[in-house]
Amino acid sequence: MGRRVLTADSVPAEPGAVARVEERTRAAALRYLGALNRRDADAVAACVAEDFVNEHTSTMGRGVTGRAAYRRRLTGFLADFADLRYELEDLVVRDVRAVLAYRMSFRLVPAGNAPVKVRGVFRLWVDADGLLARRIDYWDGSEVTRQLTAASPEVPG
């Protein structure tokens, strides 16, 4: 079964339909961000569709397809990213799509709790049930590496 790409053509033509679809899209984006900020893996997974596609543009990120696979990965992600916080910078909604600019901060546990702050953008597509069907995450992996390197203690030579 092929995935249906969500577009403006997915919006019904009746009066007020665009406003309702955009409100559903906005609510889905904010619900997802809120669940991430609560560090609640079950709530985050409940925000995504069964066949959710999670794509990262950074070489440091790892994509995954499917709610179940995404949920399995969330436990480790939330454990490794202590004090994870997404601060909303901007949210632009158009039909079933949202572009959410954020500032993300966390302490990376596997790197000795090194603090990291990075800006990024989620591109989100929301299905008719108000669930995220797709997320593309843009963030600068080289900036994360720079901050982790700066936070690591010098090893005497």
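Could you list, in sequence order, the residues of segment 14-33 that are at pLDDT below 90 and assigned to a helix (DSSP H, G or I)? Scanning segment 14-33 gives Ala17, Val18, Ala19. Filtering segment 105-157 to residues that are under 19 Å from Asp80 (Cβ atoms), surrounded by fewer than 16 Cβ atoms within 10 Å (Cβ to Cβ) and among the basic types (Lys, Arg) leaves Lys117, Arg146.
When segment 51-82 is examined, which residues are found to be touching a residue at least 40 places away in the same chain (Cβ under 8 Å) and of a type outside the set (Phe, Trp, Tyr)? Talk me through it step by step, then tell me what you get.
Filtering segment 51-82 down to residues touching a residue at least 40 places away in the same chain (Cβ under 8 Å) leaves 51-61.
Matches in segment 51-82: Asp51, Val53, Asn54, Glu55, His56, Thr57, Ser58, Thr59, Met60, Gly61.
Are any residues in segment 72-84 open to solvent by 70 Å² or more (accessible area, probe 1.4 Å) and under 22 Å from Trp125 (Cα atoms), and if so, which ones? It would help to see each step written out before you state the result.
So the first thing to find is which residues in segment 72-84 are open to solvent by 70 Å² or more (accessible area, probe 1.4 Å), and the list is 72-73, 75, 83.
Selection gives Arg72, Arg73.
Being in a strand (DSSP E or B), among the basic types (Lys, Arg) and within 15 Å of the chain's Cα centre (by Cα) is the requirement here; does Arg73 meet it? When the stated conditions are applied, Arg73 does not pass them. Checked against the criterion of being open to solvent by 20 Å² or more (accessible area, probe 1.4 Å) and modelled with pLDDT of 95 or more, the candidates Arg97, Arg62 yield just one match: Arg97. Within segment 76-118, being under 12 Å from the mean Cα position of the chain (by Cα), of a type in the set (Lys, Arg) and farther than 17 Å from Val44 by Cα holds for one residue alone: Arg103.
The values are calculated or read from the model by the stated rules, or taken from the named source; none is laboratory data. Predicted model, so just to flag it, every value in this text is computed and none were measured. All Cβ positions, even for glycine, are placed from backbone atoms using ideal geometry, and neighbour counts span all protein chains on display. SASA here: full protein model, heavy atoms, side chains in, ligands and nucleic acids out. Shrake-Rupley method; radii C 1.70, N 1.55, O 1.52, S 1.80 Å.
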